[in-house]
1. Assigning unit charges at the beta carbon (Lys, Arg +1; Asp, Glu -1) and nothing else, what dipole magnitude in debye, to the nearest 20, does region 199-287 show about its Cα centre?
2. Rank-order 143-150, 227-234, 511-518 by packing density, defined as the average count of other C-beta atoms within 10 Å over each peptide's residues, highest first.
3. Pop a pseudo-label 7 angstrom from the Cα along the beta-carbon direction at both ASN241 and THR179 and give the gap in nm to one decimal.
4. Projected onto the charge dipole of the chain (+1 at Lys/Arg Cβ, -1 at Asp/Glu Cβ, origin at the Cα centre), which of GLY135, SER426, PHE480 gives the Cα projection farthest towards the positive end?
5. Along the positive direction of the dipole of the chain (beta-carbon charges: Lys, Arg +1; Asp, Glu -1; about the Cα centre), which of GLY511, VAL362, SER46 reaches farthest?
6. Enumerate the calculated ³J(HN,Hα) couplings along region 225-238 in order (Karplus 6.51 cos²θ - 1.76 cosθ + 1.60, θ = phi - 60°), each rounded to whole Hz, writing x wherever the residue is Gly or Pro.
7. Test of understanding: what is the full-extension gain from ASP452 to ARG234, defined as 0.36 nm times their sequence separation minus their Cα-Cα distance?
8. Determine ³J(HN,Hα), in whole Hz, for all residues of region 468-484 in sequence, where each value follows from phi through the Karplus function 6.51 cos²θ - 1.76 cosθ + 1.60 and θ = phi - 60°; x replaces Gly and Pro.
Amino acid sequence: MRSVLLQIATMLAAFPAAAIEWEVWLSDQSNSADISQVNPRGTFGSRILIYDGRDITVAPPGTYGEDHPLYAPVVLQAHHVFPHAFSELGVNVERLHGMLPHPSHRYMNANFFGPGVGLVGIIDAEGQCTLSTSGYKTCHTIKSGPTQAPKLAKALFRTTGPEGSSPSNHMSFWSPDGTRLIVANLGAKLLERIDYDRATDTFTFNRAATLDLVGGRDLTAAEARADSTLPAGRVAGEYVNYQSMYTPSGALKEGPGRPNNVVVCPVPSSTNRHAFVTFGGGGLFVVDITTEPMSIVAEYTNDVISGAGCGGAEGGGFMHLNAGVSASAAGADDSVLVMYRLPLDYPDGPNALTMPNQPPPVTFHMEKTLDISDESELAGRRDAHGLVMSTTRRFLYQFDRIQNNAEVFDMAKVAINAETSPDDPSAAHVGTLSLTGTDLCRGEGPPFVDQDGMAYELADDPAPDLVDLAPDGQRIIVSFRGPHPVTVGHAARGSCPGFGVVTLEGDGSSGTLTHVFRTFLADATGMRNLSDIHAAAVRIKGPNVPRLCQNWLGCLNADPSNGGQQPSDDWRHVQ
């Protein structure tokens, strides 16, 4: 073990942070296929756009189009990556809601959120690399197109559909050790699990792990399936049918206190055992993700944890979650931005005895405006969604799609538990980062119009959504929504779809939007930019030992032809 630790230390010294190669993967929800005069906005598809981190680092502050000669992305069509989705699983890929890297950073999950689609894919970011006889990979820039893109497909699954439900996968999250992918089957109100076996390099949809968040249903009406043309993906196990409708405390899973258990985000903790599962109607389950089926070990009601939270970040031995819903002229009348701190120490196993709302969360920021009835009040509404924590774990940045900013919280000023909360629950709020006023986010000029048919050339409305942190810890990568948002159109309409770079300043409590990388997908009329970027994720490219060795000792093998030093641009380590 001492020799292993010495080797890690030597390699960490050989790969400084500045040498880490990385890229940004964008999820474009828009229908990119079958665009025609008959179907001017397409009928299925979605795009994956990949930007090289070196381009982002060297680009001077400014705005860059998708077709820029120096900083253009690689553009993949999701239906090219997974060409057999319809023939194998009965549905086309549609509405790519988000992707997150596996802890090894070799794989990306792909979550398709189209109504009734219920697809989750595994993308092998090294699937186009070539392997030498000595066991090392050569990786060039990823190639797009219907011939090369399918080489990136590792597995594709269609999730479960109990009778009367319409499966749709909002997001999925990897456990920190990479052995489990926890799937939020929002439309079916199920928590599902895909298991990864590193020894065989296979992904198994484990039906036995499926947790019914409502209970009392036949889970076999439409069973999970795998695309058989991708042998690394398979389905195994038997559903536990007609699961209990009650939590361990005896309360209804869905009922008073949890009126709508559409699962939003299951955020795993570093214990590799628990996930914090948020719901559209509010409330929270803490779930043991290792059991079959997965088990509720703590439960919270919506008067304690508000609804529709999706942001989660761990730091200092705690989990930090948000809650965010937004009022709209369409009829919703509540506006919420709330921040919570919860411990990580919860019971294990399927028979945990729990008391509701215990231990109580620390609420370290709360903005709630309920029963909005005057349309003029909509200007001040909030909409919390994406968040990220600094590499030092000192600051948390919570982004708001409507106010176009990020609220900054100092984690050292958050109480350890509810009993020691300060008199001012917002004492941790130390600043606001504005994303407007830089003239980087102007909309397209005539004849382009937004979802209301209005010109938006002079708009300055980034509409930030999901976010990630660059490896240097100095840049926040922020996805920007489009003028024709596929989801939550009342809150997510933006004027410059793509992503922005917020460059942090000083101790990290302040920063400025310095770059905007714009995306573009024209409809058949030439009057609409359909691109709608919901998520931006940073993927570390191999070898990049400092990040990968935290999870995979296999990365200890250095390239002998390079003396164990930084490999050439075309070399990628075998994971």
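The values are calculated or read from the model by the stated rules, or taken from the named source; none is laboratory data. Since we're looking at a predicted model, the values are computed, not measured. Every residue, glycine as well, gets a Cβ built from its backbone with ideal geometry; the counts of neighbours run over all protein chains shown. SASA here: full protein model, heavy atoms, side chains in, ligands and nucleic acids out. Shrake-Rupley method; radii C 1.70, N 1.55, O 1.52, S 1.80 Å.
1. 180
2. Averaged packing, sorted descending, gives the order 511-518, 227-234, 143-150.
3. Placing both labels 7 Å beyond Cα along the Cβ direction yields 3.0 nm.
4. GLY135
5. SER46
6. With the stated coefficients, region 225-238 comes to 9, 10, 6, 6, 6, 10, x, 6, x, 8, 10, 8, x, 10 Hz.
7. My answer for the length gained is 74.1 nm.
8. Karplus values, whole Hz, x for Gly and Pro: 8, 10, 5, x, 6, x, 9, 10, 9, 9, 10, 6, 10, 7, x, x, 10.
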